[in-house]
1. So is Arg217 at pLDDT 95 or above, buried (at least 20 other Cβ atoms within 10 Å of the Cβ) and either of a type in the set (Lys, Arg) or at positive phi (or both) or not?
2. Do the conditions hold for Gly435, that is, is it within 16 Å of ligand 2 (Cβ to nearest atom) and of a type outside the set (Phe, Trp, Tyr)?
3. Of the residues Val445, Val464, Val497, which single one is part of a helix (DSSP H, G or I) and farther than 21 Å from Gln558 by Cα?
4. For the range 529-536, state whether one or more residues are free of Cβ contacts under 8 Å to residues at least 60 places away in the same chain and either more than 16 Å from ligand 2 (Cβ to nearest atom) or of a type in the set (A, V, I, L, M, F, W, C) (or both).
5. Does at least one position in the range 429-439 carry a residue that is over 15 Å from the mean Cα position of the chain (by Cα) and modelled with pLDDT of 95 or more?
6. What is the residue count in the range 238-250 for residues that are out of contact with any His (no Cβ under 9 Å at 6 or more places or on another chain) and either farther than 24 Å from Leu488 by Cα or aliphatic (A, V, I, L, M) (or both)?
7. Mind checking which residues of the range 251-281 are closer than 17 Å to Glu161 by Cα and more than 16 Å from ligand 1 (Cβ to nearest atom)?
Amino acid sequence: MKLKRAPLALSILSSIALLAACGSAPEPTVEQTPKETGDAFVARVNKTFADQMPEATSAAWLSQTYINEDTARVSSASSERSLTTLNRLVEEAKAVEGTPMSEASQRAVALLKLQTSMPAPRDPAKLKELTEISTKLEQAYGAGSYCTGEGEAKTCRDIGELSEVLAKSRDPQAQKEAWEGWHTIAKPMKADYQRFVELVNEGAREMGYENAGHMWRSGYDMDPAAFQQETDRLWGQVKPLYDQLQCYVGDKLVAKYGEQGKVDGKYLPAHLMGNLWQQDWGNLWDFLQPYPGAGDLDITSALQAQRDALYGEKVAKLGSGASAEQLVGAAREADLAHAKQMTQLAESFYTGLGMPALPESFWTKAQFIKPRDRDVVCHASAWQMNPDASDVRMKMCIKPNEEDLTTIYHELGHVYYYLAYKDQPPMFQSGAHDGFHEAIGDTIVLGMTPSYLQSIGLIGSATVSEEATINAQMRMALAKVAFLPFGLMIDRWRWGVFDGSIPADQYNKAWWDLKAKYQGVAPASSRGEEFFDPGAKYHVPGNTPYTRYFLSHILQFQFYKSLCDAAGHEGPLHTCSYANNEAAGEKFWAMLQKGQSQPWQQTMKELTGGEQMDASAILDYFAPLDAWLKEQNQGKSCGF
Ligand code: X8Z
Ligand code: ZN
């Protein structure tokens, strides 16, 4: 995740270089106060962002890794300063708009207003209120836990523990309780969120947008209305594949749970999907795998066994007289050592492509596992702390399972983007668009074929058979295809909230209408307006735009295909691994280095040869599974 776009930055030197590159500005006459040229203005903006960045990122890091009132105060104050500065610069930019300046400066000026996803009102009191609400919402999510019982008997479970129930328990009652339990944390957020919407809309309007959603859609080097249509077009391309998967899975749920396996005979029940938000169905592998035993893909068991072995070694060293406290300490040490080991594994994929090793400070400053002594935001994120990217971090609460392993690859994708574009001026230190940023690590994950997994010792053997292929495809589809409509619906909801077509007294109804429409998912019992279910998903209280993930799930297959071409792969797309291929690595790195310095269409062209986002690569990849699903679903009543 990109930071809440606390402005990014680079060095003063590069700002001066930018200044020297200009030359088209008119000489000021003697009588006039010298007017700042567009190029000089952009250089000043870059320097301002560079100067602010370390303090702003440290304040945000603290408020997410030590949740308390003090860090909330410091973080809100810091974001108040950054947003006030941004508003001032946006105002000052008007003086240079339309005057002669370099192409790069023109682009920078056009991008200035989009430096935050939280446009703030000019009124200082409202701006302050907005930063406080935003910190409060994010910390409330991070500290969220579900408690039952009273007094001595009171027990609380956090997001990790509740997620574990959905992943592992197959008792519908226990799953429903865990799912509903987590959603209780969001109820108190509703009033704050409503106010948040009013405030960001005011900020967006003052910057010349219709509302905050319109502003979000304006960040794609194309007309915002055309962008919205683009997302519809892409969804139209992949929907038939999703529908097949939804039908197959619904059937399996009914086979497992009987009538409770579907809601109203067609929807997937929200609490039975192995994930709090039904965005990834991989945890249901035990009863969804097409051919049990065809190809061993149980990565979670392998990781768990590695971690347990580390723990065993530490316990053995302690000897038979170890105290309970020492054993707890040994478990913590094993958790941390193993989490770092998982991260090194991910790093080795990147270095295998010729990319640099992570800086030493990454290993001491990142948060790998959940601290025991305080609340933190466990939702995974990657951080560029300073303009020269000498301090880059990841923040996770890693557990030894497949989902977290792939999330590490995802986060390192962000980190490698930071490292690659560090020499761009601050204004261009960003993804070609936000979907690109989200797609990097996932493109790496697509290169983790069964034979690669075998080569790194995570699976015993990479079976080659048609059945093993379908198994491997299903494993990928439960993560990637299941995600697609979820990636779309979150911002369909927020765009409606921001433009007023979803009023506050219909927040929850609209949420579930969209979940039904796009995902074919429904809650087991009714969720009225007393709930605020959107708040139970990090990106809503965290105010992270979400369409980026939908785009990423299309783009990563396009990127994968290009890297496979660069690696000289022949044969079906899904069999390609470009691991350790330096030609693929060079092509990837060249794209990352461009950052946001040019329209994404150009960057796309340089990597893929085309200028459009397009779903043909993902469809090509899943062609074997698609054919198989159609056969399985024949004669069944599909559709929702
Ligand atoms: O939020 C994330 C990353 C951080 S950018 C862990 N993702 C989305 C989510 O968890 O909802 C990655 C996939 C989708
Ligand atoms: Zn991400």
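The values are calculated or read from the model by the stated rules, or taken from the named source; none is laboratory data. Model, not experiment: these values are computed from the prediction. Note that we place each Cβ from the backbone using ideal geometry, even for glycine, and neighbour counts take in every protein chain shown.
1. Details: at pLDDT 95 or above: yes; buried (at least 20 other Cβ atoms within 10 Å of the Cβ): yes; either of a type in the set (Lys, Arg) or at positive phi (or both): yes.
Here the answer is yes, as Arg217 does meet what is asked.
2. On the way: within 16 Å of ligand 2 (Cβ to nearest atom): yes; of a type outside the set (Phe, Trp, Tyr): yes.
Yes: the conditions hold for Gly435.
3. Values: Val445 fails: farther than 21 Å from Gln558 by Cα; Val464 fails: part of a helix (DSSP H, G or I).
The match here is Val497.
4. Filtering the range 529-536 for residues free of Cβ contacts under 8 Å to residues at least 60 places away in the same chain gives 529.
Next, from what is left, pick out any that are either more than 16 Å from ligand 2 (Cβ to nearest atom) or of a type in the set (A, V, I, L, M, F, W, C) (or both): 529.
Within the range 529-536, one or more residues are free of Cβ contacts under 8 Å to residues at least 60 places away in the same chain and either more than 16 Å from ligand 2 (Cβ to nearest atom) or of a type in the set (A, V, I, L, M, F, W, C) (or both).
5. Of the residues in the range 429-439, the ones over 15 Å from the mean Cα position of the chain (by Cα) are 429, 432.
This time we only want the ones that are modelled with pLDDT of 95 or more, so: 429, 432.
Yes, some residue in the range 429-439 is over 15 Å from the mean Cα position of the chain (by Cα) and modelled with pLDDT of 95 or more.
6. First, the residues of the range 238-250 that are out of contact with any His (no Cβ under 9 Å at 6 or more places or on another chain): 239-250.
Those left that are additionally either farther than 24 Å from Leu488 by Cα or aliphatic (A, V, I, L, M) (or both): 241, 245, 249.
The number of residues fulfilling the criteria is 3.
7. If the condition is that a residue be closer than 17 Å to Glu161 by Cα and more than 16 Å from ligand 1 (Cβ to nearest atom), then His271, Leu272 are the ones that fit.
Let's see how each residue does on (1) out of contact with any Lys or Arg (no Cβ under 8 Å at 6 or more places or on another chain); (2) within 16 Å of ligand 2 (Cβ to nearest atom); (3) under 25 Å from Gly447 (Cβ atoms); (4) touching a residue at least 60 places away in the same chain (Cβ under 8 Å):
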{"site": "Ser323", "(1), (2), (3), (4)": "yes, no, no, no"}
{"site": "Gln326", "(1), (2), (3), (4)": "yes, no, no, no"}
{"site": "Ala330", "(1), (2), (3), (4)": "no, no, no, no"}
{"site": "Ala357", "(1), (2), (3), (4)": "yes, no, yes, no"}
{"site": "Glu360", "(1), (2), (3), (4)": "yes, no, no, no"}
{"site": "Ala366", "(1), (2), (3), (4)": "no, yes, yes, no"}
{"site": "Ala380", "(1), (2), (3), (4)": "no, yes, yes, yes"}
{"site": "Pro400", "(1), (2), (3), (4)": "no, no, yes, yes"}
{"site": "Asp404", "(1), (2), (3), (4)": "yes, yes, yes, yes"}
